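Asks: Take this structure first; my questions come after.
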Amino acid sequence: MKSDPVCGMKVDEKKTKYKSMFRGTSYFFCSEHCKQSFEQDPPLYLGNDQTCPIERKVVVVGTGAVGSTFAYALMRSGLTTSIALLGRSPEKVRAQVMDLNHGLMFVPPVHIYEGTYEDCKDADMVAVTSGTAQKPGETRIDLAKRNAELFKEMIPQIARHDPRSILVVTNPVDVLTYAAIKISGLPMNRIIGSGTVLDTARFRYLLSRHCGVDSRNVHAYILGEHGDSEVPVWSKVDIGGVPLRNFCPSCGEVCPEEEMEGIFRQVKNAAYEIIQGKGATNFAIGLAMVRIAEAILRNENSILTVSTLIDGMYDIRDVCLSIPAVLNRSGVSKLINLDLDEDEEQKLNNSARVLKKAIKDIGF
Ligand SMILES: NC(=O)c1ccc[n+]([C@@H]2O[C@H](COP(=O)([O-])OP(=O)(O)OC[C@H]3O[C@@H](n4cnc5c(N)ncnc54)[C@H](O)[C@@H]3O)[C@@H](O)[C@H]2O)c1
């Protein structure tokens, strides 16, 4: 018996009809699906095979609170074999690299080093976290303009090396994801914004605490802008398969409207509150970025609310915002058309209008 390299199931090599050859070795599969997944990208599934050592590289651009926390969470995850860090201040990059490398004894092996834009060549993902936060008295549009100018410098230097994917995290993330697609000229499915993955995680956490159940048993989405016009999809919230709107399975009642509004208010204001308390949000976004990286690098076909270019869905066109998307090795491979109720669809359209205006205001 052999192991199917895709799903790990035991397969009788004499009986199975699903076979494939790679670098002179035969591999056996339990199904056509596993065989096809393998043939799209054999090294992805041969991580432990000494005949084919797998290389996975992530480049982190920007080594501030978000970039360094992402690098830390990524090194712990064992997802990559290399992590290159680059940023504006060579001293700071060097210091971050040293500090991370001093923890190598405690994590799976990974090569962490000071990189250059050249490292974007062959990178599975380039995560862009450089940029400034809003200054006192500065409007969101001023901030967007400033970070868009930075993107005009940075994105061409990344894109010319043709990395497999670019993850935009710098705010305003939806506007800058759109800018990165336009500046880079790369296929839109390979440029992904972290979008409302973080907001969705906050929503699930607060719902799970409210209902007294594990957040992994809460299904819920925040869609639209990563920001003030974001939309909670209450019609699709379910706890262990039971729709929350009809009946709360944990307290046995219909959840009062004001409690639901209170939960959403906390989601929307979370960043303001954290920034007021400690100056930056970094831990949850770092973990959210690792989750997105896992979905892409491991070809998982996971559904996450990343920011991506929408062209036609819900009558929304030519704007980046978050709706549930299937993520795999090719980036965004499919968008999920949720059956939203009328109010939610109107709010999503409003969010799209807000973002379109912001994109126009910064001259894209
Ligand atoms: N999308 C999300 O969910 C999310 C969550 C948290 C933070 N963010 C955003 O991530 C970005 C980074 O946040 P942070 O807390 O790490 O900020 P930070 O100030 O700690 O780090 C920013 C980094 O960008 C670099 N930088 C700034 N201006 C630059 C320029 N002109 N050229 C080159 N590099 C420059 C700095 O050197 C620094 O290393 C911000 O835009 C923030 O709003 C997004």
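Asks: Can you go through 67, 103 and tell me which one is at pLDDT 95 or above and in contact with a Ser or Thr (Cβ under 7 Å, 6 or more places away or on another chain)?
Replies: 67
Asks: Being in contact with a Gly (Cβ under 6 Å, 6 or more places away or on another chain), over 22 Å from residue 155 (Cβ atoms), at pLDDT 95 or above and not assigned by TED's automatic domain parsing to the domain that holds residue 331 is true for just one of 73, 84. Which residue is that?
Replies: On inspection, the qualifying residue turns out to be 73.
Asks: If we scan segment 54-77, do we find a residue that is closer than 24 Å to residue 284 by Cβ and basic (Lys, Arg)?
Replies: yes
Asks: Name the residue that is farthest from the ligand (Cβ to nearest atom), counting only residues in segment 206-228 that are surrounded by 18 or more Cβ atoms within 10 Å (Cβ to Cβ) and within 19 Å of residue 273 (Cα to Cα).
Replies: Applying the filter and picking the extreme gives 207.
Asks: Return the residues of segment 2-21 that are surrounded by 10 or more Cβ atoms within 10 Å (Cβ to Cβ) and either within 31 Å of the chain's Cα centre (by Cα) or over 17 Å from residue 46 (Cβ atoms) (or both); say none if nothing qualifies. Explain how you work it out, then say what you get.
Replies: Going through segment 2-21, the residues surrounded by 10 or more Cβ atoms within 10 Å (Cβ to Cβ) turn out to be 2-13, 16, 18-21.
Passing the criteria: 3, 4, 5, 6, 7, 8, 9, 10, 12, 16.
Asks: Is it true that some residue in segment 231-246 is at pLDDT 95 or above and within 15 Å of the ligand (Cβ to nearest atom)?
Replies: no
Asks: Do any helices (runs of 4 or more DSSP H) entirely within segment 5-89 hold 3 or more residues that are touching a residue at least 12 places away in the same chain (Cβ under 8 Å) and within 16 Å of the ligand (Cβ to nearest atom), and if so, which?
Replies: Numbers: elements: 32-40, 42-45, 65-77.
Of the helices (runs of 4 or more DSSP H) lying wholly inside segment 5-89, those with at least 3 residues that are touching a residue at least 12 places away in the same chain (Cβ under 8 Å) and within 16 Å of the ligand (Cβ to nearest atom) span 65-77.
Asks: In addition: Suppose we filter 323, 316, 362 for residues that are closer than 17 Å to residue 199 by Cβ, hydrophobic (A, V, I, L, M, F, W, C) and crowded, with 17+ Cβ neighbours inside 10 Å; which single one remains?
Replies: 323
Asks: Okay, next question. Within segment 269-309, can you find the residues that are surrounded by fewer than 23 Cβ atoms within 10 Å (Cβ to Cβ), of a type outside the set (S, T, N, Q) and not in a helix (DSSP H, G or I)?
Replies: Scanning segment 269-309 gives 279, 280, 298, 300, 303, 309.
Asks: Out of 283, 264, which single residue is under 30 Å from residue 59 (Cβ atoms) and either in contact with a Pro (Cβ under 8 Å, 6 or more places away or on another chain) or of a type in the set (Phe, Trp, Tyr) (or both)?
Replies: Working: 264 fails: under 30 Å from residue 59 (Cβ atoms).
Residue meeting the stated conditions: 283.
Asks: With the condition kept exactly as written, say whether any residue in segment 122-130 is at pLDDT below 95 and either surrounded by fewer than 23 Cβ atoms within 10 Å (Cβ to Cβ) or over 24 Å from residue 295 (Cβ atoms) (or both).
Replies: Yes, because at least one residue in segment 122-130 is at pLDDT below 95 and either surrounded by fewer than 23 Cβ atoms within 10 Å (Cβ to Cβ) or over 24 Å from residue 295 (Cβ atoms) (or both).
Asks: Right, another one. Can you go through 343, 318 and tell me which one is at pLDDT 95 or above, acidic (Asp, Glu) and at positive phi? Write out each step before concluding.
Replies: Details: 343 fails: at positive phi.
Matching residue, one of 343, 318: 318.
The values are calculated or read from the model by the stated rules, or taken from the named source; none is laboratory data. Just so it is clear, the structure is predicted and the values come from calculations on it, not from any experiment. Counting neighbours? That spans all protein chains shown, and the Cβs are built from the backbone with ideal geometry, glycine included.
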